[in-house]
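What follows is one structure encoded as structure tokens, with my remarks underneath.
The values are calculated or read from the model by the stated rules, or taken from the named source; none is laboratory data. Computed from a predicted model, the values in this text were never measured in an experiment. Neighbour counts are summed over all protein chains in view; Cβ atoms, including those assigned to glycine, are modelled from backbone coordinates with ideal geometry. Keep in mind that these areas ignore ligands, DNA and RNA; they rest on the heavy atoms of the full protein, side chains included. Shrake-Rupley method; radii C 1.70, N 1.55, O 1.52, S 1.80 Å.
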Amino acid sequence: MKVEQPGSPSSSHDYTNLCARDVQVILAYQHPTGAYPASPTFAPYRYGWFRDGAFIAYAIDLVGHHESARRFHGWAVDVILRHKGKALRAIDKARRGVPLGEDFLHARYTLTGEEVGDDWPNFQLDGLGTWLWALQEHVTRTNFVLPPRWEEAVTITCEYLAALWQTPCYDLWEEDKEHLHTYTLSAIAAGLLAATPLSPGTWEDTAHQIRSYLLQVASQTGHFTKYAALAQTPSGSVPNVDASLVGVAVPYALTEPDTPLMEQTVSLIERLLHRPGGGVYRYVGDRYYGGGEWTLLAAWLGWYYALSGEWERARELEAWVAAQADDSGFLPEQVTTHAQHPAAIAAWERRWGPVARPLLWAHAMHLILCHTLRST
Ligand code: BGC
């Protein structure tokens, strides 16, 4: 698909107010089907992810572009119904304790809803949970009544997540398939809770079960950990922390931002993953493009601080993210100037070219932060 460049950039444009540009970028690249490509110019990311798309839809809803969000949710409904045979077989297999094989919903699809035939991991559960959460936000914001097809897709998704949540899957970074991940479980619990008013079922009970499990695991260490399964918590030199753990509180609300468990988690993220005055690393030891600072994670941590009333910290992170936009106002996925493993960058550049830019999810997280700072 050929993608038009949104609004031709001019070098005199003032992108200190990047928020307006975030909206333009998101709207301009949305496909007629409603899907948002993760990045229109980075070949491996030319697909629609449930995770990225759900955050993008939430962001664009926040600033009043409900029609765009509705079209994304419509794409998600179509994709789930189109692939429901696999979902239903997965539910049945999970209930019987049989390996899923190829029967599962994918983390990403082409913009027209087909499966992607590359060798990148596709079995991830967090994106569907985040989708349910974003859909419920949309429903509340717009008083939308789900048409029967939408309700069917929501119910299948809830049944799927409720049946599979204890099955290890790839995490939101598409890594570590042998674990149960705290981030993933939080997204599932939030999604099931959000779906409770949308679809008949006992989704709330499963959500509470997941939450209790996560709190029990976290109470062993005094903070949330990247891997949620007690038996599989690694020991040794690699800290069991990931910047995405911010999501447990914001937006998934499994705990308030100021509980001791959450504050302890964020203080570890600060100490291990936030470069002072800079951006946020995914986790210690990341080697993807050398393991640089992620713009979306910096904005996410800022979102947490904004909701915690720590305005200065939130503004500092927003300023850092905005400073990473190029002359076209495009945000990169990550910035490699202070990469953890600079020697690993070249191999990725040879394989896939420069870091993805624009990354629509990064624009979405920046937009959410801007909006939160200006409206709370
Ligand atoms: C990230 C995913 C993301 C995808 C598309 C990957 O590198 O690990 O979290 O969904 O890019 O943006």
> Measuring from a point 7 Å past the Cα of S212 along Cα-to-C-beta, which residues in segment 253-277 have an amide N at less than 18 Å?
Replying inline: 254-255
> For labels at D327 and L88 in the simple 7 Å Cα→Cβ model, what's the distance in nm?
Replying inline: 5.6
> Hey, what's the chain come to in accessible area per residue, 1.4 Å probe, Å²?
Replying inline: 39
> Do any GluC sites (Glu not before Pro) in segment 152-257 lie in a DSSP loop with no more than 11 other beta carbon atoms within 10 Å, and if so, which?
Replying inline: E178
>> 7 Å from Cα along Cα→Cβ at both S219 and Q166: what's the point-to-point distance in nm?
In response: 2.0
> So what is log10(I(q)/I(0)) for segment 27-66 at q = 0.26, 0.27, 0.36 1/Å, when the Debye sum runs over its Cα atoms only?
Replying inline: -0.89, -0.94, -1.25
> Counting Lys and Arg as +1 and Asp and Glu as -1, what is the net charge of the other residues whose Cβ lies under 13 Å from the Cβ of L146?
Replying inline: 0
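Name the helices (complete DSSP H segments) of the chain with a Cα length along the long axis of 15 Å or more and a Kyte-Doolittle mean of at least -1.0, or state none. List each step's numbers first, then the result.
Working: long enough: 18-29 (17 Å, 1.15); 50-62 (18 Å, 0.82); 66-82 (24 Å, -0.35); 84-96 (18 Å, -1.18); 126-142 (24 Å, -0.32); 148-164 (24 Å, 0.24); 182-195 (20 Å, 1.50); 203-221 (28 Å, -0.55); 260-273 (19 Å, 0.55); 295-307 (18 Å, 1.16); 311-323 (18 Å, -0.47); 360-375 (22 Å, 0.70).
Within the chain the helices that satisfy the rule are 18-29, 50-62, 66-82, 126-142, 148-164, 182-195, 203-221, 260-273, 295-307, 311-323, 360-375.
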> If pairing requires two Cys Cβ atoms under 4.7 Å apart, which cysteines of the chain are left without a partner?
Replying inline: C158, C169
> So how far apart, in nm, are the two label points at E263 and R374 if each is 7 Å from Cα heading toward Cβ?
Replying inline: 3.2
>> Let me check I've understood the local charge: for T372, count other residues with C-beta under 14 angstrom from its C-beta, Lys and Arg +1, Asp and Glu -1. What total comes out?
In response: -2
> With +1 on each Lys and Arg Cβ and -1 on each Asp and Glu Cβ, how big is the dipole of the chain about its Cα centre, in debye rounded to the nearest 20?
Replying inline: 440
> Carbon-plus-sulfur fraction of the accessible area of the chain, 1.4 Å probe, in percent?
Replying inline: 52
> For segment 163-287, what Kirkwood radius comes out of the mean inverse Cα-Cα distance, in Å?
Replying inline: 15.0
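Assuming a viscosity of 1.002 mPa s and a temperature of 20 °C, what translational diffusion coefficient in µm² per second does Stokes-Einstein assign to the chain, Rh being the Kirkwood radius over Cα pairs?
This corresponds to a translational diffusion coefficient of 103 µm²/s.
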> Rounded if a/c is under 1.5, else prolate if a/b beats b/c, else oblate: with a ≥ b ≥ c from the C-alpha gyration tensor eigenvalues square-rooted, which is segment 304-376?
Replying inline: prolate
> To the nearest 0.05, how large is the calculated FRET efficiency for T202 and D119 if R₀ is 35 Å and r is the Cβ-Cβ distance?
Replying inline: 0.40
